[in-house]
Amino acid sequence: MEITTYRATLYAPLFYSSSEGVLIGADHILGSTALTYSFAYTLGILDKRYWLYGKEAINHQYSELANLSLFVSDGKPINVNFKEETFKSTEYLSERSLTITVPAGADGDMGKFKKTDPPRMGSDSASAINKVRRYIGLAPGSTFEITVWSKESLPDDVLLTLGIRRSGELRLKKIKRASTAHLNMYMLKHVYELDDTILSEVYANSGKFVRGSDFRKQHFLDVDVKFVNDKIVPLVFR
């Protein structure tokens, strides 16, 4: 079994939905669901599926991740900054995405909404406020620590894309193996199907357990890597 720890640096803004509503915000911990998919696509372990139908399109189960030759930790934040708020709108009738630019102004000044449609491609009317959502993403320069267990050797330098429209660019470079790693509760329980007894042991060998706004955003922080090697990895790769 190969164990590789990476220092990951963000080179393009990363937007994803950790919390949704009028305000869509990204969490400071990168979930191993997204990281595992990105690794698998980049390394050619998993074929990309561009279309999902029926219930799968609404309630994806991530079951295909259980049989990969990878076990990826959450992205542990080292130095994380958030990008300034951006505004986007969706033309619901045509399902066409529009970008709204809001100039910086005095405190409390929302500025003017500006549509960026190509000429003659959209309506000249102003965007309705109920079509506007605020996106807060992770800023370039943010760094994370990610540990990966794999059956095969991994490259020392990897470029991953993830987030909304896979626009976030994350450059990973191999570093000294970490002694602890953040693990994702959802992945352990619902993808790898570890029982409550094992999850209690994970908790006992972690520094803290945190709950997020989404069921996939629950994390065991700073789990001892030796414990992961001895107890978790054999169950993941069984």
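Observations
- Considering residues of the range 193-217 that are assigned to a loop (DSSP other than H, G, I, E, B) and buried (at least 18 other Cβ atoms within 10 Å of the Cβ) only, the residue modelled with the lowest pLDDT: Arg216
- Residue within the range 155-162 that is surrounded by fewer than 14 Cβ atoms within 10 Å (Cβ to Cβ) and at positive phi present: no
- Filter result (under 20 Å from the mean Cα position of the chain (by Cα) and of a type in the set (Val, Ile, Thr)) within the range 149-190: Val158, Thr161, Ile164, Thr180
- Sole residue being of a type in the set (Asp, Glu), more than 20 Å from Lys76 (Cβ to Cβ) and out of contact with any Asp or Glu (no Cβ under 6 Å at 6 or more places or on another chain), chosen from Asp230, Asp222: Asp230
The values are calculated or read from the model by the stated rules, or taken from the named source; none is laboratory data. Only a predicted model underlies this, so the values are computations on that prediction, with no experimental measurement involved. Positions of Cβ are generated from backbone atoms using ideal geometry, with glycine treated the same way; all protein chains shown enter the neighbour counts.
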